[in-house]
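Read the structure below first, then the notes.
The values are calculated or read from the model by the stated rules, or taken from the named source; none is laboratory data. Just so it is clear, the structure is predicted and the values come from calculations on it, not from any experiment. So basically every Cβ, Gly included, is an ideal-geometry build from the backbone, and we count neighbours across all protein chains shown.
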Ligand code: SF4
Ligand code: SF4
């Protein structure tokens, strides 16, 4: 019996006091130790994010970029200024960049400047304009439903077909399916197409911008339906979908990520001493940044934040509270393994260690 099995009810009767685990006892399980040794090699990653341009070739309902102040910053098209910024970022310890915006593929030359200076990172794109293969970042291609839904919500025709044409067989690409209140039942047909095309995918949750009233945000019922859909699709397409049961739990809870785990990004974290509170910056297109607004999805409503990019830092940063028990630590390892596979070129996803729904520390699993 492994340490994980012991805490899943097979070793302890519910009325028995719970064992106080030492971390070394948890690591005595060879599978847990192997995964821990694998993921801890990436603890050197220090991220910041960069809006590359305020331009986009489409306009989506619920885009957080076109909310708040950042959308009004002027573009800086000067490659030398970007090179200087990246050199300064490297000098202050940044090892991983997330290039976003609006649409980074419209300024691919600036993305290349970033890649030349800091070679680990990811680009968030709508996938309609291919990004040259010499820019070796992970490419996250956003999918918001089937083509009919994308036409209605994002105003673009034949989106999935065009995205697949651009990124089929591209080792950089991960298709990111964002579940909204409306597109839960379309995820199956989209995953079937992506699996048939040999693409990889992961899941995101629509997280409303501040003041949003556009109808794509989730209700408790759609959160639960989304979780069940995620679990069933993971089961059906294990080679295609980079995700875990704990990802599904964390991102479909009625509580957002901040309420579940405490968000460490500067916007919600006044500490300037350690971790993201100290190192993270979110640069606007004019290369300025504002500590009070800095997080990976600025102008998102924190109470509704279940964004996959946010979770990659919010959940990952909470190692110690997960390391109190084998089941929560194993769930956390699956989460980190997923995060690294989705975000870091060259990192291969392992088989999940835990396929059961484990409650976040200090919380119940949300059910209706
Ligand atoms: S593609 Fe991305 S940046 Fe462009 S409008 Fe849609 S969500 Fe916003
Ligand atoms: S929107 Fe999400 S990631 Fe940003 S500060 Fe709020 S909880 Fe953190």
Close pairs from segment 91-106: first under 24 Å from residue 277 (Cβ atoms), partner in a helix (DSSP H, G or I) and within 16 Å of ligand 2 (Cβ to nearest atom), Cβ under 8 Å, at least 6 apart
92/279; 93/279; 94/279; 96/343; 98/309
Among the residues of segment 2-31, which ones are under 16 Å from residue 354 (Cα atoms), surrounded by fewer than 17 Cβ atoms within 10 Å (Cβ to Cβ) and at pLDDT 55 or above?
2, 30, 31
Residue 178 being within 16 Å of ligand 2 (Cβ to nearest atom) and in contact with a strand residue (DSSP E or B) (Cβ under 8 Å, 6 or more places away or on another chain):
yes
Quick one: residue 189 ticks every box in (1) farther than 26 Å from residue 298 by Cα; (2) at pLDDT below 95 except a single one, so which number is it?
(2)
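Across segment 346-364, what is the total count of residues that are within 16 Å of residue 250 (Cβ to Cβ) and either touching a helix residue (DSSP H, G or I) at 6+ places or on another chain (Cβ under 9 Å) or not in a loop (DSSP other than H, G, I, E, B) (or both)? Full working, then the answer.
Here is the first cut: in segment 346-364, the residues within 16 Å of residue 250 (Cβ to Cβ) are 352-364.
After this cut, where a residue has to be either touching a helix residue (DSSP H, G or I) at 6+ places or on another chain (Cβ under 9 Å) or not in a loop (DSSP other than H, G, I, E, B) (or both) as well, the list is 352-363.
Total meeting the criteria: 12.
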Being away from ligand 1 (no atom under 16 Å from the Cβ), surrounded by 19 or more Cβ atoms within 10 Å (Cβ to Cβ) and farther than 27 Å from residue 43 by Cα: is that true of residue 194 here?
yes
Has segment 32-42 got any residue that is in a loop (DSSP other than H, G, I, E, B), away from ligand 2 (no atom under 16 Å from the Cβ) and at pLDDT 95 or above?
yes
Which of the residues spanning segment 294-345 are surrounded by fewer than 24 Cβ atoms within 10 Å (Cβ to Cβ), without any contact (Cβ under 8 Å) to a residue 60 or more places away in the chain and within 16 Å of the chain's Cα centre (by Cα)?
302, 312, 316, 317, 318
Residue match in segment 257-278 (condition: over 23 Å from residue 96 (Cα atoms), surrounded by fewer than 21 Cβ atoms within 10 Å (Cβ to Cβ) and in contact (Cβ under 8 Å) with a residue 12 or more places away in the chain):
yes
What is the number of the single condition among (1) at pLDDT below 95; (2) touching a helix residue (DSSP H, G or I) at 6+ places or on another chain (Cβ under 6 Å) that residue 203 does not meet?
(1)
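Let's see how each residue does on (1) within 16 Å of ligand 1 (Cβ to nearest atom); (2) out of contact with any strand residue (DSSP E or B) (no Cβ under 8 Å at 6 or more places or on another chain); (3) over 13 Å from residue 314 (Cα atoms):
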site	(1), (2), (3)
250	no, yes, no
258	no, yes, no
265	no, yes, no
273	no, yes, yes
277	no, yes, no
281	no, no, yes
284	yes, no, yes
287	no, yes, yes
292	no, yes, yes
Which number in (1) within 16 Å of ligand 1 (Cβ to nearest atom); (2) at pLDDT 95 or above; (3) at positive phi marks the one condition that residue 101 misses?
(2)
Output the residues belonging to segment 54-86 that are in contact with a helix residue (DSSP H, G or I) (Cβ under 6 Å, 6 or more places away or on another chain), more than 16 Å from ligand 1 (Cβ to nearest atom) and either assigned to a loop (DSSP other than H, G, I, E, B) or under 29 Å from residue 275 (Cβ atoms) (or both).
82, 83, 86
